[in-house]
Amino acid sequence: MEESHARVEDPFFEQPAPLARLCHVRKSFVSGGKRAEILSDINIDVAPGEFVSIIGPSGSGKSTILNLLAGIDRPCAGTVSYDGHPVAGVSGSIAYLTQHDSLLPWRTVADNIAVPLEIRKMPAAERQRAVVDILAKVGLAGYGGHYPRQLSGGMQKRAMLARTLIYDPRTILMDEPFGPLDAQLKLALQAELLRLWTGTGKTIIFVTHDIAEAITLSDRVLVLSAQPTRIKHVEPIRISRPRDVHEVRFAPHFEGHYRALWNAIEMRREEAAA
Amino acid sequence: MNTATALPVVVDGMNAPIAETVATPARDRVVLYRMVVAAVFLGVWQAVSGRLINPFWCSSPLDIAKTLWTWTQSGLLERHLLVTFQETAIGFLIGSVAAIAAALSIGRSETARRTVDPFVTAVYGVPKVALAPLFIMWFGIGLTPKIVLAAVSVFFLMFFNTMSGVRQVDCRLIEAMTLMGASPLYIQKQVVLPAALPWIFTGLKLGLPYGFVGAVAAEMMASNQGIGFLTQDSAGQFNTAGVFAALFALMAVTTLLNEGLGWLERWLFRWR
């Protein structure tokens, strides 16, 4: 399975040309004089407008895949391309929401969210209008004047999401964005993400540990093996949209998807034990 | 995004902003204690002077106050204070701006930093006062040598402080900005400088007295004005009260400036 492009696994869709593509990508790092192979022949195609999740054990190179697509890391072999061109550096049309808190603590929420627009040299009046607009969309209306430390963890995530959405990137890479939050808050933010994404045609590549989260959000879930990482399993999610994050787990296909993904991860455990 | 509807904040309790709690315990009491300390100190000094110790050596708070009053009336104090203040302020400004600029420009590069480090450390070790005769030789006895000495005295402290600030910037913030397409200059201005600002401020507060030390030391060696001259001149006339009065005036000025910096600091770092 790992020899073919992951997308080919799904015969039910007539696929458009891929927007993001990893083709026979290998990546290794040298640490302590030893060469550690992180990615071993990875092939991924992501269609425009698709929501793809990547799950796998920690250290399996999930973040590395995002870094390659974001252009802050280079493959040792193989090609990473976006929109038909090889990825050569940071691109304005790909946003990257990392798992760390990266709001500037000395700026108010509104000023933080305006950063991408400042970088793009948008006039101040326009900037302000865009910020007010996006604050309302992510449910932070009235909090523009607060400093990050005055916000709860969930609100900081919303602010980071707003900062990502404000410059309207075509593709968003997300690295465990809701990782450290409690279950209830996670569901709330998942619901919000789905609502904000629906109908935009944006492509999202979402890294997570959480199988239920991956099923809830995605069109397709890729399971990575342990190192050296290959794509172990591809699970197209057949739950119709729009989805309600609270109802998804009662959908007829949910259990099957969950079992399949869990088994893919279980197999890896057996291999590790063998 | 074409979902134009505003979304409600979903989970109430968790999304409420964390309340600010600013505790200033017994601020008034501390002020009172300070006044008691000052009163006891001055009272003991006054009582001892003329009874246990000859006022020729230690003067007394009352004599000092009298001298200060006379000098203030005649405008003498104002003139000399202003000169010293001017030298220090200009030197301080030049020294700190140069130090901050230098630290910001080489601080992010490990190679540049390690290349420069031994030289800066070596020069830092030289007592700056020892440079005063050289500056007087070069720049005469006007304001210039005092300004230069004040600037040099402030520079190193500011340089090392800014450098540690620059080196402790959270690289994840820089990475996030890079991913949003920020230029190196934007990152320098909007991330590195604000992040280093607390260190810069510590440097400013520590450096201020150094600036005065530089200016006053140069004044004492060759000058006909300034607080350094005033102390030297009073001592030459065996006027102990005059020496203390000049130092007292300088102390008042540095304390006020430090307080001013404290206010500025609290305003700049209101995000904390």
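Summary of computed values
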item	result
Kirkwood Rh, angstrom, chain B [1 / mean 1/r, Cα pairs]	22.4
log₁₀ of I(q)/I(0) at q = 0.15, 0.21 Å⁻¹ - region A:140-203, Debye sum with one point per alpha carbon	-0.50, -0.96
Which of B:ALA182, A:LEU193, A:ALA141, positive extreme of dipole for the protein assembly as shown (C-beta unit charges)	B:ALA182
Long pairs among A:LYS186/A:LYS232; A:LYS137/A:LYS202; A:LYS157/A:LYS202; A:LYS137/A:LYS157; B:LYS66/B:LYS146, criterion Cα-Cα beyond 21 Å	A:LYS186/A:LYS232; B:LYS66/B:LYS146
Taking all pairs of distinct alpha-carbon atoms in region A:101-168, Kirkwood radius in angstrom	11.5
Kirkwood hydrodynamic radius over Cα pairs of region B:39-165, then Stokes diffusion coefficient at 25 °C and 0.890 mPa s, in µm²/s	136
Rg(Cα)/(2.2 N^0.38 Å) for region B:127-172, N = residue count	1.63
Between helix B:240-268 and chain B: long-axis angle, C-alpha atoms, 0 to 90°, nearest 10	10
Pairwise label distance in nanometres, B:ALA38 with B:VAL97, each label 7 Å out on the Cα-Cβ vector	3.4
Fewest-first ranking of B:ILE227, A:ILE38, using other Cβ atoms within 10 Å as the exposure measure	A:ILE38, B:ILE227
Nitroxide proxy distance, nm - points 7 Å out along Cα→Cβ at B:THR254 and A:GLU126	5.3
Farthest toward positive dipole pole in the protein assembly as shown [+1 Lys/Arg, -1 Asp/Glu at C-beta], among A:ALA130, B:ALA99, A:VAL25	B:ALA99
Scaled radius of gyration (Cα, divided by 2.2 N^0.38 Å) that region A:150-274 gives	1.13
Cross-link reach list, lysines versus A:LYS34, counting only Cα pairs under 24 Å and skipping chain neighbours closer than eight places	A:LYS62
Neighbourhood net charge (14 Å Cβ-Cβ; Lys/Arg +1, Asp/Glu -1) for B:SER223	-1
Relative contact order of chain A, pairs being alpha-carbon contacts under 8 Å that are 6 or more residues apart, as %	24
Positive-end extreme of charge dipole, chain B - chosen from B:GLN232, B:THR111, B:ALA150 (charges on Cβ)	B:THR111
For the protein assembly as shown, Kirkwood radius (reciprocal of mean inverse C-alpha pair distance, Å)	28.4
R0 of 35 Å, Cβ-Cβ distance B:VAL123-B:ARG272: FRET efficiency to nearest 0.05	0.55
Ranked by how many other beta carbons lie within 10 Å on average, peptides A:242-250, B:199-207 from highest	B:199-207, A:242-250
Radius 15 Å from Cβ of B:GLY207, net charge of other residues (Lys, Arg +1; Asp, Glu -1)	0
For chain B: relative contact order, % (alpha-carbon pairs under 8 angstrom, 6 or more apart)	24
Whole-percent pair-distance distribution, where bins are 10 Å wide, for the alpha carbons of region B:150-223	20, 35, 23, 14, 7, 2
Chain A, Cα convex hull volume normalised per residue, Å³	150
Gained length - B:CYS58 relative to B:TRP138, 0.36 nm times residue gap less alpha-carbon distance	25.1 nm
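Quick note: the coordinates plus some simple rules give every number you see, no bench work behind them. Source: prediction; values computed, not measured. Backbone-built Cβ (ideal geometry, glycine too); neighbour counts: all protein chains shown.
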